[in-house]
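Data block below; observations after.
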Amino acid sequence: MKFTIYQRLVIIFLLTVFFAASFPGQGFGGEHHVFTRLTVEEGYDSNIFWNTRNPETDWMFTFSPHLTWENSFPLNSLRAEAGMAFIKHKKHDELNTQREQYQLMWDTRLTPLLSGNLSGSYLKDTTFESELEETGVVYSHTDRKRYSGGPQITWLLSERSQLSFSYQYSEVSYDKSGYVGYQTHDGSILVSQYLHDGRATLSWNNGYSRYDYNNQYNQSTDNFHSLLGLDYRLRELSKISISSGIIYSETQAAKNTILSESMHKKERSGFGGISFLYQHSKGNVSIVYSKDISPSGSYGTITREKVSLSADYSFLKTTTGTFRWVRIISKSEDYLSGFQQKHKNDHFVYSISLTHRLRKYIFLDLTYSPQISKKITSSSLSETSEEGRRDTIFLKLRIDNNYKIQ
């Protein structure tokens, strides 16, 4: 069943009213906080289709309103978001589209030792946006829709330890053939222990996830993981996090016209990450490395390594500069096409931004971002390599505001 934009907004509003009205004696009490953002953006793209040869350029205009509503009660809090972006291209009007993002979150204190969280979201964008940021894979341009949501329960075992149970379901679909939609189930148990000095936290995460792909092979992947983590606050404004563990995966596919017999593949690998965060009165620095697995609509389950560096600094009271550097390396093996192929995607992007505050709630952003993506496909017979480059520059006028309603 498909809903229009207005139907989705009505559903979010009704759900918000339902949750708020479900709190006896608290209802719509307290303060309501409303945050609005209106963005107008003009941009240039040097390779709008990510072609490896004969790139095509285009200009695009984006108009984007965004609304956030928050309300906190003594034992409960609600947050609802709705955002849209209307994108119009100058030459390639077949790429004109509309991004949508909706989210609803509810936090509650069930007992003095037990708290809960329930969230749900919907995202509609393109494969050159969230899909590319998540996987580093450049395939082809199409709209992508993702529904996700689930509960979390946290139990305080003591003043310094807690136990959390969480479950997350998501469903991803694509408008264009060539991509394969999928559903994911992700459950985990997390135990956290705060050490006596108050600066370090130890954690142990165990979980199970399953990816079901909507293809003719009835392909699925089951994952079991165990992860140890340490968060340590070096100083008041800096923190380092380290995690390491093992993940065990089983991929299955049914017998069909291409596969002469059903496939059952088992793998075991290490995963985890390390991150460093430094905060200063005039800026922040963040360095992150991670290795994990992820579903994708182009190559099925992939192994992903991601490293990023971001920094921002306020040169003046009204001007801030931001630098961001990201590299994603994803690997996968294709056993379903009749040929055993290995795919490697190496995606690199950095961006430089300047933000100037014109008025109290009015900002002007200028961002330049080069991106390079390399794809290598190899088999026992051959190896092919493709590389594409894309440069974008955007000028954005942003108006932020917030309101407090008694």
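The values are calculated or read from the model by the stated rules, or taken from the named source; none is laboratory data. From a predicted model like this one, the values you see are computed outputs, not experimental measurements. Using ideal geometry, Cβ is built from the backbone for each residue, glycine included, and neighbour counts are taken over all protein chains shown. Heads up: the accessible areas ignore ligands, DNA and RNA and are worked out on the full protein's heavy atoms, side chains in. Shrake-Rupley method; radii C 1.70, N 1.55, O 1.52, S 1.80 Å.
Things to note:
- For the range 41-102 versus the range 274-342, the inter-centroid distance based on Cα atoms is 20 Å.
- Cross-link partners of K360 among aspartates and glutamates, defined as those whose alpha carbon lies under 18 angstrom from its own and excluding same-chain residues fewer than eight positions apart: D400.
- Note on the range 44-165: Cα convex hull, mean projected area over all directions, 10.2 nm².
- Packing-based ranking, highest mean first, of 213-223, 234-244 given that Cβ atoms within 10 Å are counted: 213-223, 234-244
- With the whole protein complex present, R327 retains an accessible surface near 90 Å², based on a 1.4 Å probe.
- Working value for the range 110-184: equivalent-ellipsoid semi-axes of 36, 12, 9 Å, each the square root of 5 times a Cα gyration tensor eigenvalue, largest first.
- At the residue level, W204 shows approximately 130 square angstrom of accessible surface with a 1.4 angstrom probe and all protein chains present.
- Rg and Dmax of the range 179-289, both derived from C-alpha coordinates alone, stand at 19.7, 63 Å.
- Highest-MSF residue in the chain out of S209, S385, S119 [GNM, Cα springs under 10 Å]: S385
- Pairs from K124/K344; K90/K176; K88/K331; K239/K396; K342/K374; K90/K396 whose Cα-Cα separation, in the structure shown, is over 25 Å: K124/K344; K88/K331; K239/K396
- GNM result for the chain, Cα springs below 10 Å: residue of S379, S296, S351 fluctuating most strongly: S379
- In Å², nearest 10: area of T384 left accessible to a 1.4 Å probe: 80 Å²
- Value at 222 nm in deg cm²/dmol, rounded to 500, when DSSP H runs of n ≥ 4 in the chain each add -39,500 (n - 2.57): -1500 deg cm²/dmol
- For the chain, the alpha-carbon radius of gyration amounts to 1.07 times the rule-of-thumb value 2.2 N^0.38 Å expected for a compact globular protein.
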